[in-house]
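The values are calculated or read from the model by the stated rules, or taken from the named source; none is laboratory data. From a predicted model like this one, the values you see are computed outputs, not experimental measurements. Glycine also receives a Cβ, built like all others from the backbone with ideal geometry; neighbour counts cover every protein chain displayed.
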Amino acid sequence: MFTGAMVALVTPFRDGQVDWETLDELIDFQLENGIDAIVPVGTTGECPTLSHEEHKQVIERVVKAAKGNVPVIAGAGSNSTAEAIELTAFSKKVGADATLQVGPYYNKPTQEGFYQHFKAIAEEVDLPMVLYNIPGRCGAGMTPETIARLAEIENIVAVKEASGSMDQASEIAMRCDMTILSGDDSLTLPLASLGAKGVISVVANIVPADVKAMTDLILQGDFVSALKWHNKLFALSKGMLTLATNPIPIKAAMAMLNMMSEELRLPMTPLEDSKKTILQKTLQEYGLL
């Protein structure tokens, strides 16, 4: 369940509301292209701007649309432990296979705070959990020592590493056997060289088959062939990372590809026209336009 190509699914909007019909179409697109798992309402899914009710509705809709064909790893994190427990319990109730739990943002907990937060969720709801370590967004991150402590809890099964640090990933791998997943598309192959088993991918929203082709080769141990896919995907992956804050560029790309509206919710704003020109050129060079 926790290896390979997993899409960090966008949440489409239209006229200020969640575009449910397009959401179903995006899920069908992922299934048709062989994605290994779907991860809704994470960072890319704009969870901070969804109401709690919308957040739950998206999880339930994705589980229903996936029809058991692939695992659904629901974004259920919060900087409130009680809130995270509530979202996790709901995810289990509607049939999600696991949850993605972001580090408490803004609070900036101590390492003991991180540990107790995730431990409380794991003990309250018996559902597999993927930790999400992204200090750049949260203001604080987990150390490898804390992640190794959490790995001792049975239903904490993986970590999405988005610290950008190869040393961090190496030390996690050295300290425990928790599954490591890349949280940055451009680092999927480098992290795999240290033992990572896949990626929760932004660019898989538009090229799921290509991301899967690379992760399949990684899991087969064919890093020479995987490098060819890494090189092909790199400009696209890096572009999504550097043009603007995620998910602004991926939504702009999907609008250019007629997959959905570019609509975001404040405080996120559309990609600037000058940067759209760069993005369009990147998509053309990749062969998507």
In segment 72-85, residue farthest from His117 (Cα to Cα) [restricted to those that are crowded, with 18+ Cβ neighbours inside 10 Å and not β-branched (Val, Ile, Thr)]
Ala74
What single numbered condition from (1) part of a helix (DSSP H, G or I); (2) surrounded by fewer than 19 Cβ atoms within 10 Å (Cβ to Cβ) fails to hold for Asn258?
(1)
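Kindly check whether there is at least one residue in segment 217-226 that is β-branched (Val, Ile, Thr), under 25 Å from Asn133 (Cβ atoms) and touching a strand residue (DSSP E or B) at 6+ places or on another chain (Cβ under 7 Å).
The answer is no, given that none of the residues of segment 217-226 is β-branched (Val, Ile, Thr), under 25 Å from Asn133 (Cβ atoms) and touching a strand residue (DSSP E or B) at 6+ places or on another chain (Cβ under 7 Å).
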Please go through segment 41-62 and give me each residue that is buried (at least 20 other Cβ atoms within 10 Å of the Cβ) and either within 25 Å of Gln116 (Cα to Cα) or hydrophobic (A, V, I, L, M, F, W, C) (or both), ordered by number.
Val41, Gly42, Thr43, Cys47, His55, Lys56, Val58, Ile59, Val62
Condition first: at pLDDT below 95, in a helix (DSSP H, G or I), aliphatic (A, V, I, L, M) and more than 23 Å from Asp19 (Cβ to Cβ). Can you find one or more residues in segment 238-246 that meet it?
yes
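Take Gly221 and tell me if it is modelled with pLDDT under 95 and either hydroxyl-bearing (Ser, Thr, Tyr) or surrounded by fewer than 23 Cβ atoms within 10 Å (Cβ to Cβ) (or both).
no
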Taking segment 86-126 as the region of interest, how many residues are among the hydrophobic types (A, V, I, L, M, F, W, C), surrounded by fewer than 21 Cβ atoms within 10 Å (Cβ to Cβ) and within 20 Å of Cys47 (Cα to Cα)?
3
Against the condition part of a helix (DSSP H, G or I), at pLDDT 95 or above and of a type outside the set (Gly, Ala, Ser), how does Met214 come out, does it pass?
yes
Name the residue, out of Leu271, Leu279, Leu194, Leu233, that is of a type in the set (A, V, I, L, M, F, W, C), in contact with a helix residue (DSSP H, G or I) (Cβ under 9 Å, 6 or more places away or on another chain), in a loop (DSSP other than H, G, I, E, B) and buried (at least 20 other Cβ atoms within 10 Å of the Cβ).
Leu271
May I ask you to verify whether Ile172 is of a type in the set (A, V, I, L, M) and not in a strand (DSSP E or B)?
yes
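Residues checked against (1) at pLDDT below 95; (2) farther than 15 Å from His55 by Cβ; (3) among the polar types (S, T, N, Q); (4) out of contact with any Asp or Glu (no Cβ under 7 Å at 6 or more places or on another chain):
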{"position": "Leu87", "(1), (2), (3), (4)": "no, no, no, yes"}
{"position": "Phe90", "(1), (2), (3), (4)": "no, no, no, yes"}
{"position": "Gln101", "(1), (2), (3), (4)": "no, no, yes, yes"}
{"position": "Pro104", "(1), (2), (3), (4)": "yes, yes, no, yes"}
{"position": "Lys108", "(1), (2), (3), (4)": "yes, yes, no, yes"}
{"position": "Tyr115", "(1), (2), (3), (4)": "no, yes, no, yes"}
{"position": "Lys119", "(1), (2), (3), (4)": "no, yes, no, yes"}
{"position": "Glu124", "(1), (2), (3), (4)": "no, yes, no, yes"}
{"position": "Leu127", "(1), (2), (3), (4)": "no, yes, no, yes"}
Please specify each residue of segment 262-289 satisfying the condition of being charged (D, E, K, R), under 21 Å from Asp210 (Cα atoms) and in contact (Cβ under 8 Å) with a residue 40 or more places away in the chain.
Glu285
May I ask you to say which residue of Ser237, Ser225, Ser201 is without any contact (Cβ under 8 Å) to a residue 12 or more places away in the chain and among the small types (Gly, Ala, Ser)?
Ser225
